[in-house]
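Written below as structure tokens is the structure these notes are about.
Bear in mind that the values in this text are calculations on the coordinates, not laboratory data. Since this is a predicted model, take the numbers as computed values, not measurements. For neighbour counting, all protein chains shown are included, and Cβ atoms are generated from backbone atoms with ideal geometry for every residue, glycine included.
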Amino acid sequence: MLRIISGRWRQHRLHLPPPSVTRPTTDRAREALFNILVHGYGLDFEGLTVLDAFAGSGALGLESLSRGAQSVYFMENNLQVLKVLRANIHSLKADEFCSVLKGNLPDASQAPCAVDLVFLDPPYQQNLAIATCVALQEKGWLKPDALICLETSIHDIPPSIPGLICDQQRQYGQAVITFWRVQDRGSF
């Protein structure tokens, strides 16, 4: 069972897709991630636009909304998981702040708008991290100061990603969360 950690929906329970279909970010890793965003980056969620790609239950995007984000785009390709995601959004009465897109990067079309914050949690062992991050850049998903939070297994950590700079990395069991920023083209 997952719960919203903080904000207006604090302690609200979220439905989970079957474990055979998804691998939710653990409560410990989610709480640490949001602590880093708030205290390490000084991120104020008020007014942010967020992308939760490979969304699963939508826990990361919904946590952002609970903390004051303006809107969240959820991207998921599994029909069974999409039902759970939509049920979680509906249970919070958050439909007007959410856009659910069927599909996943890197196959998605152009972004409807650029976002401030991206959560990426692609399936492990499928080498999707680099292609997904390149697609984010090519398809207009990123504002110039956007932050990408990428969760991978310890075996899938990309050593580098074209156009992005690694800010920091944290390990939680077999999961690693890496924080990436758009490379400042003016610094060459």
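Quick notes
- Cα-based shape type of the stretch 2-187, given that a ≥ b ≥ c are square roots of the gyration tensor eigenvalues and the cut on a/c is 1.5: rounded
- Cα-centre dipole for the chain with unit charges at Cβ (Lys and Arg positive, Asp and Glu negative), debye to 20: 460 debye
- For the stretch 129-188, trypsin sites (Lys or Arg not before Pro) are listed when DSSP marks them as loop and at most 16 other Cβ atoms sit within 10 Å of their Cβ; the list is Lys139.
- Shown here for the stretch 17-54: chymotrypsin sites (Phe, Trp or Tyr not before Pro) in loop regions (DSSP other than H, G, I, E, B) with at most 15 other Cβ atoms within 10 Å, namely Tyr41.
- Sequence-distant residues sharing a close amide H with His12 (under 5 Å, placed H): Ile4
- Packing-based exposure ordering (other Cβ within 10 Å, fewest first) of Thr178, Thr132, Thr26, Thr49: Thr26, Thr49, Thr178, Thr132
- Among Tyr41, Asn88, Ala111 the positive-end extreme of the charge dipole of the stretch 19-157 (Cβ point charges): Asn88
- From least to most packed, judged by other beta carbons within 10 angstrom and beginning with the fewest, Cys113, Cys149, Cys166 follow the order Cys113, Cys166, Cys149.
- Karplus-derived 3J(HN,Hα), 6.51/-1.76/1.60, for each residue of the stretch 165-174, Hz, glycine and proline x: 10, 7, 7, 6, 8, 9, 10, 10, x, 8
- Among Met1, Met75, sorting on how many other beta-carbon atoms sit within 10 Å of each Cβ, with the fewest leading, yields Met1, Met75.
- Net charge in the neighbourhood of Thr25 (other residues with Cβ under 15 Å of its Cβ; Lys, Arg +1, Asp, Glu -1) is -3.
- A dipole drawn for the chain from +1 and -1 charges on Cβ atoms has a positive end, and of Leu60, Ser153, Ile177 the residue lying farthest that way is Leu60.
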